[in-house]
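This is the structure I want to talk about, given as structure tokens.
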Amino acid sequence: MARPVIAVLNGPNLNLLGERDPSVYGSETLADIEARCAAYADGLGFDVDCRQSNREGELVDMVQDVRHGAGIVINAGAYTHTSVAIRDALVTVTCPVVEVHISNVHARERFRHYSYLSAVVTGVIVGLGPQGYELAIAAVAARASTT
Ligand code: DQA
């Protein structure tokens, strides 16, 4: 039988992890983080579907596509702070959703303090580096309906 799938969605500029501002985001690449997510989810009996886009509308399409899966982990990058469209897409989701930020957005510029997404997701993990994705997978897996 197919295993339940947790979607791991990453937004703009997260494809450049590893070379982008390592003092803020660390040295792991997105491929490293996706491999970590796959290994961690595997241990919990889940598969992952990892996707990344630099485009807001594509992220909306991705959310719509996976909205009835086992769960969603999303780091919408800068769109977190601007996107009513991604927020509206997340409202249609029937599975648990955890918003992740690698950096502690609350310790950074003021414009990063507000998230359009936080009020419509199950929970938020901020400032714990790439480990945040594993913690988000654990939280989603604990809440996922696997039937
Ligand atoms: C981020 C924080 C955002 O403010 C920023 O625009 C990103 C990454 C994070 O993971 O810390 O692109 O979501």
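Throughout, read-outs are computed from the coordinates displayed, never taken from laboratory work. Computed from a predicted model, the values in this text were never measured in an experiment. All Cβ positions, even for glycine, are placed from backbone atoms using ideal geometry, and neighbour counts span all protein chains on display.
What shape does the range 12-97 have by the C-alpha gyration tensor, where a ≥ b ≥ c are the square roots of the eigenvalues, rounded means a/c under 1.5, and otherwise prolate means a/b greater than b/c and oblate the rest?
Oblate is the answer for the range 12-97, as a/c is 1.5 or above yet b/c matches or exceeds a/b.
Report, in deg cm²/dmol and to the nearest 500, the calculated mean residue ellipticity at 222 nm for the chain, where each DSSP H run with n ≥ 4 adds -39500 (n - 2.57) and the sum is divided by the residue count.
Only helices count here, giving -10000 deg cm²/dmol.
On to the next question. Compute the signed sum of charges (Lys and Arg +1, Asp and Glu -1) over the other residues within less than 15 Å, Cβ to Cβ, of L30.
For residues surrounding L30, the net value is -4.
Please express the Cα-Cα pair-distance distribution P(r) of the chain as a list of whole percents, one per 5 Å bin, running from 0 to the bin with the greatest distance.
Spelled out bin by bin, the chain gives 2, 10, 22, 25, 22, 13, 5, 1, 0, 0 percent.
Moving on to the next point. Using the Karplus equation 6.51 cos²θ - 1.76 cosθ + 1.60 (θ = phi - 60°), what ³J(HN,Hα) coupling, rounded to whole Hz, does each residue of the range 14-19 give in order, writing x for Gly and Pro?
Values per residue, Gly and Pro as x: 6, 5, 9, 3, x, 10 Hz.
Enumerate the calculated ³J(HN,Hα) couplings along the range 70-82 in order (Karplus 6.51 cos²θ - 1.76 cosθ + 1.60, θ = phi - 60°), each rounded to whole Hz, writing x wherever the residue is Gly or Pro.
6, x, 9, 10, 10, 10, 7, x, 5, 5, 3, 8, 9
May I pose another question? Calculate, for D42 and E19, the FRET efficiency according to 1/(1 + (r/R0)^6) with r their C-beta to C-beta distance and R0 35 Å; round to the nearest 0.05.
So the FRET efficiency works out to roughly 0.80.
Taking the simple approach of a point 7 Å from Cα along Cα-to-Cβ for both A119 and T146, what is their distance in nm?
3.5
Could I ask something else about it? About its Cα centre, what dipole magnitude does the chain give when the only charges are +1 on Lys and Arg Cβ and -1 on Asp and Glu Cβ, stated in debye to the nearest 20?
So the magnitude is around 380 debye.
Which distance in nm do the two modelled labels at F111 and R55 give, with both placed 7 Å along the Cα-to-Cβ direction?
For F111 paired with R55, the spin-label model returns 2.3 nm.
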